[in-house]
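Report on the following structure.
The values are calculated or read from the model by the stated rules, or taken from the named source; none is laboratory data. Remember, it's a predicted structure, so these values are computed and weren't measured experimentally. Heads up, the Cβs are rebuilt from the backbone with ideal geometry, glycines too, and the neighbour counts pull from every protein chain shown.
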Amino acid sequence: MKELKELKKQFVDQAVRHGKGTLDGDSKIANQAHGELMNTLKNLHVIDKNFESLTPMLEHENISVRTWAATYLLPYKTGDALVTLKEAAKEKGLVAFSAGITAREWEKGSLKPLSTLG
């Protein structure tokens, strides 16, 4: 099992790459980063059930890191996660748009905690 510190670094690196690929319209990079990110989050969940280690990332300088962290923290730190998503939604671009949709759908009860999904 990978150490928490290494998994957190991978999370940041992969979230940044996913965001850049998304904003650049490079689906190959975005999809690759997404797959890696899902694997990292799965490994992180094994040692950090409530994703507590993602909490500091709600204030990360990169919008993609913030929104990924907030999305996974919704079931555990709902208030902070929603604030982060709504603030990110005020920015421009597809990541910001996605943050707004995620916040809205969570509030409507349309989303399940991602940690419960396969």
(request) Determine which member of the set S53, S64, S98 is more than 22 Å from A30 (Cα to Cα) and in contact with a helix residue (DSSP H, G or I) (Cβ under 9 Å, 6 or more places away or on another chain). (result) S53
(request) Could you list all residues from the stretch 71-105 that are touching an Asp or Glu at 6+ places or on another chain (Cβ under 9 Å) and not in a helix (DSSP H, G or I)? (result) Y76, K77
(request) Please go through the stretch 28-43 and pick out each residue that is under 16 Å from V65 (Cα atoms) and of a type in the set (D, E, K, R). (result) E36
(request) Write out, first by first residue and then by second, each pair whose Cβ atoms fall under 8 Å of each other, whose residues are 6+ apart or on separate chains, and whose first residue, in the stretch 84-113, is farther than 16 Å from V65 by Cβ while the second is among the basic types (K, R). (result) G100/K86; A103/K86
(request) Return a yes/no flag: does the stretch 58-66 have any residue that is surrounded by 14 or more Cβ atoms within 10 Å (Cβ to Cβ), touching a Lys or Arg at 6+ places or on another chain (Cβ under 7 Å), assigned to a loop (DSSP other than H, G, I, E, B) and modelled with pLDDT of 95 or more. (result) yes
(request) Select from the stretch 5-40 the residues that are in contact with a Leu (Cβ under 8 Å, 6 or more places away or on another chain) and within 20 Å of A99 (Cα to Cα) and write down the one among them that is surrounded by the fewest Cβ atoms within 10 Å (Cβ to Cβ). (result) L23
(message) Take V46 and tell me if it is more than 25 Å from G25 (Cβ to Cβ) and of a type in the set (A, V, I, L, M).
(response) yes
(message) For the stretch 106-118, give me each residue that is assigned to a helix (DSSP H, G or I), modelled with pLDDT under 95 and surrounded by fewer than 12 Cβ atoms within 10 Å (Cβ to Cβ).
(response) T116
